[in-house]
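Working notes for the structure below.
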Amino acid sequence: MRVGLFIPCYVDQLYPRVGLATLELLTRQGLEVDFPVEQTCCGQPMSNTGCCDDARPLAERFLEIFSAYDYVVAPSGSCVSMVRNHYAELVGDHPHYAAVRDKTFELCEFFTDVLQIERIEGAFPHRVGLHQSCHGLRELRGGRASELMVDSFSKTRVLLESLDGIELVELSRVDECCGFGGTFAVAEAAVSTMMGRDRIHDHQQAGAEVLTAGDMSCLMHLSGLIRREKIALHVMHVAEILAGYEVAS
Amino acid sequence: MSHSGVDHPRLAAEFVKNDSRAHWHDQALWFVRAKRDKAAQSLPEWETLRERASQIKRNVSANLADYLEEFEANATKMGATVHWARDAAEHNQIVLGLLERHNAKRVVKSKSMLTEECHLNPFLERHGLNVVDTDLGEWIVQLRNEPPSHIVLPAIHIKKEEVGELFHRKIGTDSGASDPTYLARAARKRLREEFLAADAGITGVNFAIAETGGIVVCTNEGNADLGTSLPKLHIACMGIEKLIPRADDLSVFLRLLARSATGQPITTYSSHFHGPREGCEMHIVLVDNGRSNILGSDEFRRSLNCIRCGACMNTCPVFRRSGGHSYKTAVPGPIGSILAPSRDAQQYASLPFACSLCGSCSDVCPVKIDLHHQLLTWRREITVRGHLPWTKRVSMKMARIVLVRPAIYRMAGFLLRKVVLRMPRALLYNPWNAWGKSRDLPPPPKQTFRQIYQQRHGK
Ligand code: SF4
């Protein structure tokens, strides 16, 4: 099984540790993992700003680069949702579209749904607050959104809870948005900032040492606030925790 | 955003500036959302009901003309008079004409978002009529000379102390009084006088049943009953999308509506009107006002399924923190940000962007409108029509130019990591850095992921 590693552009540039953790997690499962170096961006920022003509060439590149693999895996629910749910409007008639859509997975769902693995060897003896990134939750259905009256589950939580010594804290608002939202973070900076602070506060009052999420974009926004306000809360991507990385200082 | 249009980011920033008030507003609405969760949870068939409601509404949209005719025929049979209004102006004219024909001077209204949409109150007042909104929240905002900030909780942005002060000035309650029971009693006494003196009652309509020709109005205060039981003239104003096919369908919607709106199992009063009382007149005004345009659009047709429960507002993390007035539309929040641009895309171009695309609204909506996807579709429509601000247009174009060529992408990344993010703080956090006003930028790593990968794999 050949897996194409899809590392979102800003993760490549700013958070290499997250890419490495993803690579290690997959390699440890005995998979053949390849990172096609021509990849850049899936086109989500342009698409979500309404600029389809700017997003389309990126979507086409993506399909061509990744069509060669059995699976495409990314440490980002948001970018995977772009491919799975929003490429249809951009490149729906591309010959590789349907195949790539069906084999592109977010990291945690790739473990639980494709590899059928719900236990990860390792330990993480810390109090962890899980931020449910919205697109992984409501666009990929990686867990039960609190609005829906269906059975409770979370693919990310299951994997985290399998680590020895980990304690997931209880938040007062289990899946409220952090306020990143792409260009929203800049265009609506005031509301975005307030949303971020409120999320951080919730994790603090719950006693979290480490705040984690399946999307680094949420964490870039939250850690930007945490650093500015010198809050004692560590921020790690889910992949880093699952790969057994030390708490980032 | 566009210069003439609604500047949601600016209005939202003003609301957020008062941190304690913004948090109070957020928590008040979150409390309602939490009540909704409990109420929804109490019904094992919740998701089935949502699906059923959405199917019924889809059928109504597909056959609206037939259902409207069936409704008109049946309502007329029961003695009501049905009027058709193409737009807000026609609607207002019809209502005024009816009031004038009955020589009505004093009008009591129960809650109706449609009349807000048509700006009926100011219109009637300009023609010398005395109009009183009898829903307590509506009455409060009317006394303050403001529009409602929420479709179910019109005065949710006002604290009880402020209501006390308002009532003290307007109806002479004790100075400094803020006890809700005391204030509500005072309001009730005053409104009772208005009911007794009224010449006509205007109500909204929650559901109009094609099969029976009856209409249903849901209130918690019984003010629709009182406002239509005393005067001889009842005018009910409704958008054409309020139709449901059969009386049986009502059970689906009544169970969803109040639970979604306030977490109650059902509204305190569900008032059914089947024709006028003896010796009285009942008129039903059916209003289009842009609805048939929406009906004709594949992308946005589903927004007409809305039953105006307000749940998408209560759950929206942006609405809770920016307040209903920041949208400058009669219907604010997620659904309002879809409906408003279809009336005027340039004027309301900022609203579909007042959203982090979290998707909570779509999951909370009792009729399963895919609200956040429609907001995204509106963003595209706004770009195509040329209403996207140039800053966004240009930055997205530049991003595309960089990202389609790996070499340029690597170079841009290099500049970002080695130059931009290493600039002295004073330079980096300049006034144009909207991100950096409240947030630090990430510390630049020495190498990118691809560099490390290529080293390790000798590629
Ligand atoms: S869009 Fe849905 S949630 Fe929002 S007010 Fe309408 S019915 Fe309620």
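The values are calculated or read from the model by the stated rules, or taken from the named source; none is laboratory data. Source: prediction; values computed, not measured. Methodologically, a virtual Cβ is constructed for each residue, glycine included, from the backbone with ideal geometry; neighbour enumeration extends over all protein chains shown. Heads up: the accessible areas ignore ligands, DNA and RNA and are worked out on the full protein's heavy atoms, side chains in. Shrake-Rupley method; radii C 1.70, N 1.55, O 1.52, S 1.80 Å.
Brief remarks follow.
- For the peptide B:9-16, the mean number of other protein chain Cβ atoms found within 10 angstrom of a residue's Cβ is 4.
- DSSP-assigned coil residues among trypsin sites (Lys or Arg not before Pro) in the range B:355-424, each with at most 16 further Cβ atoms within 10 Å: B:Arg385
- Near A:Ile117, once Lys and Arg are set to +1 and Asp and Glu to -1 for all other residues with Cβ below 13 Å from its Cβ, the sum equals -1.
- Relative contact order %, chain B, counting alpha carbon pairs below 8 Å whose residues are six or more apart: 22 percent
- Between the alpha-carbon centres of the range A:47-101 and the range B:325-339 there is a gap of 32 Å.
- Short-range pairs are left out: with C-alpha atoms under 8 Å and at least six residues apart, the relative contact order of the range A:2-114 is 30 percent.
- The P(r) of the protein assembly as shown has a tail past 35 Å containing 47 percent of all C-alpha pairs.
- Pairs exceeding 23 Å between alpha-carbon atoms, taken from B:Lys105/B:Lys189; A:Lys230/B:Lys392; B:Lys17/B:Lys159; B:Lys35/B:Lys160; B:Lys111/B:Lys159: A:Lys230/B:Lys392.
- Among the cysteines of chain B, B:Cys118, B:Cys218, B:Cys237, B:Cys280, B:Cys306, B:Cys309, B:Cys316, B:Cys355, B:Cys365 have no other cysteine beta carbon within less than 4.7 Å of their own.
- Cβ-placed point charges (K, R +1; D, E -1), dipole of the range B:405-457 about Cα centre in debye, nearest 20: 160 debye
- Cut-off under 5 Å, modelled amide H: who pairs with A:Leu211 long-range: A:Gly129, A:His234, A:Val235, A:Met236
- Per residue, in Å², the accessible surface of chain A once ligands and nucleic acids are set aside, probe 1.4 Å: 33 Å²
- Percent of beta bridges antiparallel (DSSP, chain A, rounded to nearest 5): 5 percent
- Given charges at Cβ of Lys, Arg, Asp, Glu: the range A:9-89 dipole, positive-most of A:Tyr15, A:Val80, A:Phe35: A:Tyr15
- Farthest toward positive dipole pole in chain A [+1 Lys/Arg, -1 Asp/Glu at C-beta], among A:Thr212, A:Pro45, A:Val186: A:Val186
- Taking 7 Å steps out from each Cα toward its Cβ at B:Trp432 and B:Ala28 produces label points 4.1 nm apart.
- Relative pair counts by distance (%), Cα atoms of chain B, 20 Å bins: 22, 51, 20, 7, 0
- Within the range A:80-161, trypsin sites (Lys or Arg not before Pro) in DSSP loop having at most 12 other beta-carbon neighbours inside 10 Å: A:Arg119
- Angle between chain B longest axis and helix B:371-384 axis [Cα atoms, degrees, rounded to 10]: 70 degrees
- Computed from point charges on the beta carbon alone (+1 for Lys and Arg, -1 for Asp and Glu), the dipole magnitude for chain B about its Cα centre is near 3120 Debye.
- Helix-only arithmetic for the protein assembly as shown: the sum of -39500 (n - 2.57) across DSSP H runs with n ≥ 4, divided by the residue total, places the mean residue ellipticity at 222 nm at -14000 deg cm²/dmol.
- Ranking B:Val419, B:Thr383, B:Val394 by how far each Cα lies toward the positive end of the dipole of the range B:368-431 (charges on Cβ) leaves B:Val419 at the top.
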